[in-house]
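Visitor: Here it is, the structure, as structure tokens.
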Amino acid sequence: MPRWYGAFRCVGKPQVVLSQIAAKVRYDDLGRFVPRVYFEKRPRREFYLCLAIVSEPEGVPPREVEGLLALSCLSSPVRADGGRLRPFSRAEIDRFVGAGADVQDYARRIQRRRTAPLPVEDPFGPAYGEVVDPDDAADVVGRTALFDRLLLWLSAAGAGSFATFQQACRTLGLVKPGVEPRQILRRLRLLGHVETSPDGGRWSIAPTALTRLAGTEETLALCGARDEPLRSALRAAAAIEDVTQPGGGGPAALLARGRPAAQVARALRAAGADDLPEPECAAERLAALLPPIDAWADSLQQVPGIVPTLYDCRRFDGVDFRDVPFAGRAGLYELWQPERDAGPTAPRYTLYHDPAHDRWLRGDWYGLRYLARMAAGGVCEVEWDQGEGRLSVPDGWRWPELYERALVLASGRLPGRHGERLVYDAISARLIDLLAPSLRLHVSEVSIRCTT
Amino acid sequence: MATYDQWNEALLSYVVEGIPRGMPIYLGIDEDVIAGLGRALPRAETSSTGGTALDDFCAAIRRTVIRDGERVSLSAITGRTTADEPRCLAFLATMVLAASQMADEEDKDISELNYFRRLRGILALKGEGRPRGMQFGKAVDEPLWQGWNRWLQERGYLPSALPGEGPRRYIGYPLSQTLLRHADKDRLVRLFRDKHWRADWDADTLVGQVRREGGTLSAHLRALLAEEGQRRGAVAEAILELYDLWRQDPRPGRERAAVASSHLRAGIFREYDALLGALVEPAYHLYPQAPRRRAADNLELIQGDVRRPLRAERPGWFVPLDPVSASELERGERYRIAQPAEFELVILPQRRFWLLIQDPENPESGAYASWGTPPLGQPFILLCKSALLPQLEQLRAEGLIGWQGEPVPVLDGGWVELRDCMSESEAWSGVFIEDQELFEALRPVVSLSISAAGGLRVPDRAAWVNEYGPEITVVGFDAEVELTVSRVADDRAVYEAVQRTQVPLVVPWPGAGDYRVEATVGGRSVSRLVKLVPWDELWATEPPRREVVAIGGAQVAGATISRADEGDA
């Protein structure tokens, strides 16, 4: 059906004419026939308006709009020979009313839905400010159940984008101030349940594994993908203990005891975990693989095209980020978009600058901070209680994530907090021997008394 | 000679294989299809003396449902097999075959009498009207169709078999399943041949070309091309399939060696690191479609000089491969399939624009790809040649489409992305742009759609987890619709309301199960399925791509460590 335009000379206030037309179009539901009205640019007391009319043949308005055309404000149409309404083309009315004519739209329209977008969150964004509830908090059991559900869901989904992970955490009600999706994802990586892509944009569930806790032969922790049949098989094969994480901050550690590891593994394979590897102490094996910290830095993602002068730079000074003009020094930087009207609420990038290789590195926030502290000449002082198998690390020197994973896998549990320090359980002498040189630790043997 | 069960299985594979979830399923059975399927099934001894696959098919049906040579008994084909597949499909196909024969030859006399004359012919029953054993459509035909519809919905497909009006109620079901008649196919093939069309088009482009020949088409074909709603896509796919088959083998349908094309189409899958923003350009990965109408394993495609295994990503699609270059996108590309021999090519069609929509199974994922037509009211990304911008500006000036921000140059600047693009108006009549294909792609073809958002999805099963079902939003040009949520298992309404459009609704989902959400206004209706699975039925799945951390010569994935040369950890 063609669209053509009828022109009318009107007198009066354009707003009054418009309201009369609008009322009639709406009352008679004429949006299909008269989708738009164009007003002359900067109309005066006498002005022209054009109705877009959808009908065939051109120049013959449909019967439905006869009532509209009978309005007194449209009583002076521009007529063709023979007295009929003269049809104009779009190009003609552009000359007629001007390209900048005011337009009134009567067609039925779809309004854009204003759904609240997911908060933009950098998977490598700042990890500080993380909240871990006290162990006796009333909702530890409830939160643990929700984290267990999250792990079941991750196992069923298999893989996805960071956005899907964010959405799942929010839907399950796990997100609150101090517990952001990126922090939850980090905890799950530490526990050996998921892995993420180098750019942090994608995640996938880790393969199902039974890992022997450090220093034990027959206590196993279940890591990675799981479902109800697998959990049932594990319950049938060994004595099971669900140990909540400190503050209910993650899925419960599922510990199997009392049966030889190989026997438990066979039972799980029979239940469908075909590729389950032989149980081993993943903590010690991982620690043995980890390179010196400098080599780890070389493995981080390099971000191309960063021009620091385009951003407002803030540099980590060991405690906080401070505004500094960029002078090419090594360190951890927040790069903020220059102030706009509303002002950005988060840095555009958080990156480590390595002037020796003229590169900007992206990665685990704690790991970048560790590099920055080392670049500033600091040393990570840890305390180890050999008798209790506990290791205490200053909160401000939290390790790069892969190194910390070796500590967490040793017990299957996230660290507890003891003042300004993080305390890890089941840390063997072998683990300390493997990790201390890589991270250039200063280890002192002490007695650590706390409950994690 | 193939048994009823073998025909049933072959038909099931033909009907649903490779169809993405959420799509409508049409049986579309005619003599060409039976002839094609028959080639892969054991034949009767008479086949060497002139018996056809159709004869074999009819004989298999008769052996199973005809008693005493004069009575139909459907007791052997009701219910489901041990694999939970419907037994009735081959018989439903018989009914569609009868409807297709009737529609072919008696365009103006579609009646129960004529339909049953055809059905009796297939079943070798004498007489007229409903056969004995099928006297009551409500008790015999309808439950079979309803059972088939239920089975489809449980698997995430939209049913398309609908009853007819008044006296045509029961023949409406098989008639609703016919797409292209023989006369339509013959006319289309003549058109392809006369116009010397050989190009690697996709369905939209091909249908656009056919539509331009409107004056030379039959009234029925013109009506088919003007179809709106879910049938439109099925008709377009059927025309494309015919085009591909004809390009491979120009013999008439019944003589063709294949029932499905050896050419696969590819779309594009957009990968974009939103966090790095303007520092990186989106990459557009080759996104091959899985073969329709038949199962296929171990396909390997050659991209560049490298053999790439095609791994299933979801029904209808393989895992995206390497990014395509600007020149591949510009001129289209053919990628050879190394194996198996029954497949020849994956075709990336030459297009001036691509509509990239959010993942229909996981809109929150941030992924965009050529998964289909943008649902009404859902923003999409329009990737197009820069030269199309003036025409798009014209549509925007008319208030028909809108987008957010400025066009973003990509792919060496010859292309642009319009982000958050949306068709906003229903008044597209009378506006003309040079690129009719672009116009048709952007013009809303429905006035109503249903979106399900939020909740906790189980991506691989197109479902949600119980207790975390989705919010439902009806998008449409009308202000209000009648909304009904029914349980598929018993067709009982569990929620009914008059609902405002564009306003999300928190549905009180009663528990795990399959639900059909239907919105109706002014005689038009649209439906979609929502499946809620209980927590204890969440099975661990193997991720299509496993993320690993490489350390030296080892790969770490969670708590597992393997040597890099062992592959996945």
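The values are calculated or read from the model by the stated rules, or taken from the named source; none is laboratory data. Keep in mind that what you see is a predicted model, and the values were worked out from it rather than measured. Here the Cβ is made from the backbone with ideal geometry for all residues, glycine too, and neighbour counts use every protein chain on show. For the accessible areas, the whole protein counts, side chains as well, though only heavy atoms, and no ligand, DNA or RNA atoms are used. Shrake-Rupley method; radii C 1.70, N 1.55, O 1.52, S 1.80 Å.
Visitor: Output the residues belonging to region B:297-327 that are open to solvent by less than 30 Å² (accessible area, probe 1.4 Å) and free of Cβ contacts under 8 Å to residues at least 60 places away in the same chain.
Guide: Within region B:297-327, B:LEU299, B:LEU301, B:GLN303, B:LEU310, B:PHE318, B:LEU321, B:VAL324 meet the criteria.
Visitor: Would you pick out the residues in region B:367-384 that are facing chain A (nearest Cβ under 9 Å) and either of a type in the set (A, V, I, L, M, F, W, C) or crowded, with 23+ Cβ neighbours inside 10 Å (or both)?
Guide: Matches in region B:367-384: B:ALA367, B:LEU376, B:GLY377.
Visitor: A further question on this structure: Taking region A:27-59, which residues are more than 14 Å from every other protein chain (Cβ to nearest Cβ), open to solvent by 40 Å² or more (accessible area, probe 1.4 Å) and at pLDDT 85 or above?
Guide: A:GLU46, A:TYR48
Visitor: Do any residues in region B:516-533 that are over 26 Å from B:ASP460 (Cβ atoms) have Cβ atoms under 7 Å from those of residues that are part of a loop (DSSP other than H, G, I, E, B), where the two are at least six apart or on different chains, and which pairs are they?
Guide: Pairs found: B:VAL521/B:ASP478; B:GLY522/B:ASP478; B:ARG524/B:SER447.
Visitor: I'm trying to understand the selection: among the residues of region B:320-349, which are in contact with a Lys or Arg (Cβ under 6 Å, 6 or more places away or on another chain) and either part of a loop (DSSP other than H, G, I, E, B) or of a type in the set (Ser, Thr, Tyr) (or both)?
Guide: Selection gives B:LEU321 alone.
Visitor: Read through the list (1) without any contact (Cβ under 8 Å) to a residue 60 or more places away in the chain; (2) part of a strand (DSSP E or B); (3) at the interface with chain A (Cβ under 10 Å from one of its Cβ atoms), then give the number of the only condition that B:PRO409 fails.
Guide: Against the list (1) without any contact (Cβ under 8 Å) to a residue 60 or more places away in the chain; (2) part of a strand (DSSP E or B); (3) at the interface with chain A (Cβ under 10 Å from one of its Cβ atoms), B:PRO409 comes up short only on (3).
Visitor: Right, next: Looking at B:GLU467, B:GLU547, B:GLU518, can you tell me which residue is at negative phi and open to solvent by 60 Å² or more (accessible area, probe 1.4 Å)? Steps first, answer last, please.
Guide: Values: B:GLU467 fails: at negative phi; B:GLU547 fails: open to solvent by 60 Å² or more (accessible area, probe 1.4 Å).
Checking each option against the conditions leaves just B:GLU518.
Visitor: Sticking with this one: Limited to region A:151-167, what total is found for residues that are open to solvent by less than 10 Å² (accessible area, probe 1.4 Å), more than 7 Å from chain B (Cβ to nearest Cβ) and either touching a Gly at 6+ places or on another chain (Cβ under 9 Å) or outside any helix (DSSP H, G or I) (or both)?
Guide: 2
Visitor: Got a sec? Which helices (runs of 4 or more DSSP H) wholly within region B:118-211 have at least 3 residues that are open to solvent by 20 Å² or more (accessible area, probe 1.4 Å) and in contact (Cβ under 8 Å) with a residue 40 or more places away in the chain?
Guide: Output list reads B:141-154, B:182-194.
Visitor: Here's something else I'd like to know. Criterion first (open to solvent by 30 Å² or more (accessible area, probe 1.4 Å), at the interface with chain A (Cβ under 10 Å from one of its Cβ atoms) and either within 26 Å of A:ARG170 (Cα to Cα) or in contact with a Lys or Arg (Cβ under 7 Å, 6 or more places away or on another chain) (or both)) does B:ARG461 satisfy it?
Guide: Yes.
Visitor: Then there is this: Could you check, for region B:550-569, whether at least one of its residues is exposed (fewer than 15 other Cβ atoms within 10 Å of the Cβ) and away from chain A (no Cβ under 14 Å)?
Guide: Yes - at least one qualifying residue is present in region B:550-569.
Visitor: Kindly indicate whether any position in region B:100-107 is in contact with a Ser or Thr (Cβ under 7 Å, 6 or more places away or on another chain), buried (at least 22 other Cβ atoms within 10 Å of the Cβ), part of a helix (DSSP H, G or I) and at pLDDT below 90.
Guide: Yes, because at least one residue in region B:100-107 is in contact with a Ser or Thr (Cβ under 7 Å, 6 or more places away or on another chain), buried (at least 22 other Cβ atoms within 10 Å of the Cβ), part of a helix (DSSP H, G or I) and at pLDDT below 90.
Visitor: Does any residue of region A:168-179 turn out to be at the interface with chain B (Cβ under 7 Å from one of its Cβ atoms) and either surrounded by 23 or more Cβ atoms within 10 Å (Cβ to Cβ) or not hydrophobic (A, V, I, L, M, F, W, C) (or both)?
Guide: Scanning region A:168-179 turns up at least one residue that is at the interface with chain B (Cβ under 7 Å from one of its Cβ atoms) and either surrounded by 23 or more Cβ atoms within 10 Å (Cβ to Cβ) or not hydrophobic (A, V, I, L, M, F, W, C) (or both).
Visitor: Taking into account only those residues within region B:497-515 that are within 13 Å of chain A (Cβ to nearest Cβ) and of a type outside the set (A, V, I, L, M), which is farthest from the chain's Cα centre (by Cα)?
Guide: B:ARG500
Visitor: Would you call B:VAL458 within 17 Å of B:ARG528 (Cβ to Cβ) and modelled with pLDDT under 90?
Guide: yes
Visitor: Open to solvent by 40 Å² or more (accessible area, probe 1.4 Å) and facing chain A (nearest Cβ under 10 Å): is that true of B:VAL494 in this structure? Spell out the reasoning first.
Guide: Values: open to solvent by 40 Å² or more (accessible area, probe 1.4 Å): yes; facing chain A (nearest Cβ under 10 Å): no.
Here the answer is no, as B:VAL494 does not meet what is asked.
Visitor: Yes or no: region B:414-424 includes at least one residue that is under 24 Å from A:ARG3 (Cα atoms), open to solvent by 10 Å² or more (accessible area, probe 1.4 Å) and among the hydroxyl-bearing types (Ser, Thr, Tyr).
Guide: Within region B:414-424 (the criterion being under 24 Å from A:ARG3 (Cα atoms), open to solvent by 10 Å² or more (accessible area, probe 1.4 Å) and among the hydroxyl-bearing types (Ser, Thr, Tyr)), the answer is yes, since at least one residue qualifies.
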